[in-house]
Amino acid sequence: MLLRVIPDNTRIPFIQQRRWFLAISAILMVASIALVLGRGLNLGIDFLGGTLLEVRTSAPADIDRMRTDLGGLGLGEVALQQFGADNDVLIRVQRQDGDEAAQKAAVEAIQAALGDQVAEYRRIEFVGPTVGEELQMSALWAVLASVAVIAFYIWLRFEWQFGVSSVVSLLHDVIAVLGLFALFQLEFNLATVAAVLMVAGYSINDTVVVFDRIREMMRKYKSMPYEDMFNIAINSTLSRTFLTSFTTLLALLALLVFGGPVIRDFVLALIWGILIGTYSSVAVAAALLLYMRPGRDDMAGSAEDEDGAEAGAAS
């Protein structure tokens, strides 16, 4: 017996309320873009280059004292960020002039200045500026390539209208994730890029399920109004969409609670991405497709008679 959390006869008017959904999405996109352009992303050491130290202090961290101690070392920009427990601190130091020896000297100076305040140096990383720029370009190309491949796949499997709608919906999800990171100034690093790509794959999977059901109904009902047909298709996939998203979120919430601060931003990106991706699959992608009006004649398959279509519309 199949588990159905949402009854088969559910008729939530997604398409009829599409203007509200699209307005909400437009506001979200404008706000996210404004945040990214205004506040910017808190780029991690992967992209900026420099030295990153993750330390655990012997007592609750005194950020002001640590900032004073490090500020007099003449190392340039030094940023301190408390995260996780009250004795966990991230220290970012700009790249020092000179070779690797200069970077090691900066680390030694930091260790000497902090003294017995620090009980454990949990992580020390150095990334050069050239590598950081290369990683930025690689991350950008990875996201663009994934979107292009997804668009090509949808175009092959369906029609070009489906491809355009899926790409717009996908960009909607990616921009929303970037907006979250800009809003809360979460660290944006290579792990975050991986999370963005995972969100893209998850979102398009949900969208394909909805589109496949729409195509099936377009083959079956040749005279049913588009709005009714799209709405029935979305509602018929709700149970599957809800269960998939719910079980995935359970696993991610467990990671968020027990995974520790190291993967916190990565998990937050996935949680927000899944929520916004599920929303866009049922409320945005199909609404965009409706405005493009894919032709029924392009859908191979037998048509149902007029009476059947009217009965389907009435249901």
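As a summary of the residue check, Val177 satisfies the conditions (1) over 29 Å from Gly38 (Cβ atoms); (2) of a type in the set (Val, Ile, Thr); (3) surrounded by 14 or more Cβ atoms within 10 Å (Cβ to Cβ); (4) not assigned by TED's automatic domain parsing to the domain that holds Arg65 except for the one numbered (1). Listed by position, the helices (runs of 4 or more DSSP H) inside segment 1-94 whose residues that are touching a residue at least 60 places away in the same chain (Cβ under 8 Å) and either more than 22 Å from the chain's Cα centre (by Cα) or over 15 Å from Tyr121 (Cα atoms) (or both) number at least 1 are 18-38, 45-48.
Summed over segment 184-208, the residues that are assigned to a helix (DSSP H, G or I), farther than 18 Å from Val147 by Cβ and either at pLDDT below 85 or of a type in the set (Ser, Thr, Tyr) (or both) give a count of 2. Of all residues in segment 110-125, those satisfying the criterion of being out of contact with any helix residue (DSSP H, G or I) (no Cβ under 9 Å at 6 or more places or on another chain) and part of a helix (DSSP H, G or I) are Gln111, Ala112, Asp116.
Against the condition touching a Lys or Arg at 6+ places or on another chain (Cβ under 6 Å) and surrounded by fewer than 21 Cβ atoms within 10 Å (Cβ to Cβ), how does Ser239 come out, does it pass? When the stated conditions are applied, Ser239 passes them.
Taking segment 74-95 as the range and being surrounded by fewer than 16 Cβ atoms within 10 Å (Cβ to Cβ) and at pLDDT 80 or above as the test, the residues that pass are Gly74, Asp86.
The values are calculated or read from the model by the stated rules, or taken from the named source; none is laboratory data. Please read all numbers here as calculations on a predicted model, not as lab measurements. With ideal geometry, Cβ positions are generated from the backbone for all residues, glycine too; neighbour counts draw on all protein chains shown.
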